[in-house]
Amino acid sequence: MASNQNDTSTNENKQLPIEVNDWNGLNQQAQLLCQGSDKNVKICLIDEEQEEIRLQNQDEFDLNVQYARDHEIKSLTFVVYIDNKHVFNGIYNIEKPIEKLAFPTDKLQMLIDNVLVEKW
């Protein structure tokens, strides 16, 4: 019975991955956990063989996202270390549509006609 209780507690302590939308979101989350200190942040991608590939910039992130899209991989998993200590896992969903926030053209035209003309 005691072993069952131990198994339950380890499952509760397991942290769910944090969903990230892009490189900046992943990097900001890591920097937030550093709390502005001079700590060393290391972001790694977990590949198909469960090996860690270090990512150091947005170009490397974008290249891996494109590779995943080309090979129909549904998500990418990241591990973030601060001073060589595992801090959190991140996940990037490839198939999740990116919301495009665009100002409606009819509203823009209304602003131009009614508000901006009056100011000039």
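A short reminder: the numbers here are calculations on the coordinates, not readings from a lab. This one's a predicted model, so the numbers in the text were calculated from it and none came from an experiment. Positions of Cβ are backbone-derived with ideal geometry, glycine not excepted, and every protein chain shown enters the neighbour counts.
Across all directions, the average projected area of the convex hull around the alpha carbons of the stretch 18-94 is 4.7 nm².
Once the chain from Gln66 to Asn24 is taken as fully extended at 0.36 nm per residue, the excess over their C-alpha distance is 13.5 nm. For the pair Asn93 and Thr105 in one chain, pulling the backbone fully straight at 0.36 nm per residue adds 1.3 nm over the alpha carbon distance.
Note on Asn84 and Asp59: with the Förster distance fixed at 25 Å, the Cβ-Cβ geometry gives a FRET efficiency of about 0.55.
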